[in-house]
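**Q** Can you read through this structure? Questions will come right after.
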C-alpha cells in the first residue's frame, strides 16, 4: 500500500480533492491510504467545513490554520508546517491541486526533502505572470514528478517548457512524467449533479426561474482591489439587468464582500442596490453553485473554475479577464474574453443571447480522471 499526503487550502481544492478521495475510497482502498492536510488558507468556516461535509471528503488529519496574510508570510508559514508533517508522515508522494499558495508551499516543501509531487491540473497557463496563480502553477509543475493535465493544450504547454513525452520509469523531479488525463472536476460535475438537484432549494429561495438570470462571480484581486475595474463590472452587469429585465445573481466570495464596502464607488453601489433584479447572496456552496450554473442563462466570471463548470453544464461564459488558462473554451466559441470593458461585455451578452445552439465538445475527458490518476500513483510509487 502507498501513502499519499493531500494538501488543500482553498475552495476549489476541496472540491477537486473530493474526486480523488472518492476514487480511493471506492476502488483503491486496499492500495492507497490518504492523509489530508488542510492549510487553513481559507479561514472562513463557510469556505471550509461545509465543503468537507457536502463533498464527502474525509475530515482532514491536520489543519495548519495559517489564515489570511501577505503572500510571503502565508506561504512561508505553510512551507514550515507542511515540512514538519512530511518528515513525520513520510508519504510516498504529495498530491497537489491547482495554483494556490497552498499548492506552491506543498511543492517547495516536498521537493526540497525529495518527496515526489503529483500535480493535478498541471500545464495550465494564462501567460500572465502578474497573476500570482500563474507563478504558483509554473513553480509547482517544475517541482513535480507526475503531472496530470486536464486538457490537451495543458499537455502541449508542458512539452513546450521542456517536459518530455517519452520519459521512462523510474520517474523523479529530474525525470518527470506528463499525462493528458481529463479533468477531476468533470468527474465531480457528473457525480454531484443529481445530488445537487435533490438537496438544494436555492432557485425557490431566491425566486429564480431557469434560463432567466445571469450567474456572476467576481473574486480575483486584480478586479476586486482596483476600484475602476470593480466599478466597470458592476455598472455593466447592472445595465444588462435593467435593459433586459434580467436578474443578476452574484454569490459573494469573502474578498468581494469586503471590497464592496471599501473599493466600490458609492454611486455604483447605490445604483446596484436600487435594482431589485440585482441579487447579492452569501457565498454559495458547491451544490448550490451546480444548481445555479445548470439553470442560468449564461455565466459571467473571473474564476477559472466557474468558467469550466459553465462548460460542463453547457452554458455560455463571459470571462472578465484579458486571458484564460482554459483556452479551449474560447477556441470552441462557448466563452468570450471581455476583460472588464463595458462594450465588450455588452457585445458578448448580445452574441450569446442571439445564438443558443452552441457546440460543447468533450474536451475534459470521460468522467474517470480520478481513477486514472489513482492507477498511475499506485503504478509509480508502489514498492518494487
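**Q** Set the Förster radius R0 to 22 Å, insert the Cβ-Cβ distance between residue 222 and residue 346 as r into 1/(1 + (r/R0)^6), and round the FRET efficiency to 0.05.
**A** It comes to 0.55.
**Q** Run the numbers on the stretch 201-354 and let me know its relative contact order in percent, using alpha-carbon pairs under 8 Å that are six or more apart.
**A** Value for the stretch 201-354: 25 percent.
**Q** Still on this structure: If I model a spin label at residue 280 and residue 255 as a point 7 Å from the Cα along the Cα→Cβ vector, what separation in nanometres do I get?
**A** About 1.8 nm, to one decimal.
**Q** To test your reading of the geometry: what angle, between 0 and 90 degrees and rounded to tens, separates the Cα axis of helix 101-112 from the longest principal axis of the chain?
**A** Tilt of helix 101-112: around 10 degrees.
**Q** What full-extension length gain, to one decimal in nm, is calculated for residue 76 and residue 205 as 0.36 nm per residue of separation minus the Cα-Cα distance?
**A** 42.2 nm
**Q** Wrap a convex hull around the Cα atoms of the stretch 157-315, take a quarter of its surface area, and give that in square nanometres.
**A** 12.3
**Q** Set the Förster distance to 30 Å, then compute FRET efficiency between residue 379 and residue 84 from the Cβ-Cβ distance, nearest 0.05.
**A** 0.55
**Q** Next question. Quick check: pseudo-label points 7 Å beyond the Cα along Cα→Cβ at residue 271 and residue 314, how many nm apart are they?
**A** According to this spin-label approximation, the distance is 3.6 nm.
**Q** Determine, for 280, 329, 215, 252, the number of other Cβ atoms within 10 Å of each Cβ, and report the residues in order from fewest to most.
**A** In order of increasing Cβ crowding within 10 Å: 280, 252, 329, 215.
**Q** So, one more: With a point put 7 Å past each Cα toward its Cβ, work out how far residue 68 is from residue 322 in nm, to one decimal.
**A** Result for the modelled spin labels: 2.6 nm.
**Q** Also, quick follow-up: Do you know the relative contact order of the chain, to the nearest whole percent, from alpha carbon pairs under 8 angstrom that are 6+ apart?
**A** Averaging sequence separation for qualifying contacts and normalising by length gives 16 percent for the chain.
**Q** Could you give the angle, 0 to 90 degrees to the nearest 10, between helix 11-27's Cα long axis and the longest principal axis of the Cα atoms of the chain?
**A** So the helix axis and the longest Cα principal axis differ by about 50 degrees.
**Q** Could you work out how far the C-alpha centroid of the stretch 59-111 sits from that of the stretch 114-133, in angstrom?
**A** Cα centroid to Cα centroid, the span is 15 Å.
**Q** With angles folded into 0 to 90 degrees, how steeply does helix 71-89 sit against the dominant principal axis of the chain? Use alpha carbons for both and round to 10.
**A** That helix lies at roughly 40 degrees to the long axis.
**Q** Then there is this: Could you work out [θ]222 nm for the chain from helices alone, using -39500 (n - 2.57) per DSSP H run of at least four and dividing by all its residues? Round to the nearest 500 deg cm²/dmol.
**A** Theoretical 222 nm ellipticity from helices: -14000 deg cm²/dmol.
**Q** Sort the stretch 279-384 into rounded, prolate or oblate with this rule: let a ≥ b ≥ c be the square roots of the eigenvalues of the Cα gyration tensor; rounded if a/c is under 1.5, and if a/c is not under 1.5, prolate when a/b is larger than b/c, oblate otherwise.
**A** Judged from the Cα gyration tensor, the stretch 279-384 comes out prolate (a/c at least 1.5, a/b above b/c).
**Q** What's the center-to-center distance, using Cα atoms, between the stretch 1-27 and the stretch 333-359 in Å?
**A** 35
**Q** With the Cα gyration tensor of the stretch 107-169 in hand, convert its eigenvalues to equivalent ellipsoid semi-axes via √(5λ) and list them largest first in whole Å.
**A** For the stretch 107-169, the ellipsoid semi-axes come out as 18, 16, 9 Å.
Here, each number is a calculation from the coordinates, and none is a lab measurement. Note that this is a predicted model, so its numbers are computed, not measured. Heads up, the Cβs are rebuilt from the backbone with ideal geometry, glycines too, and the neighbour counts pull from every protein chain shown.
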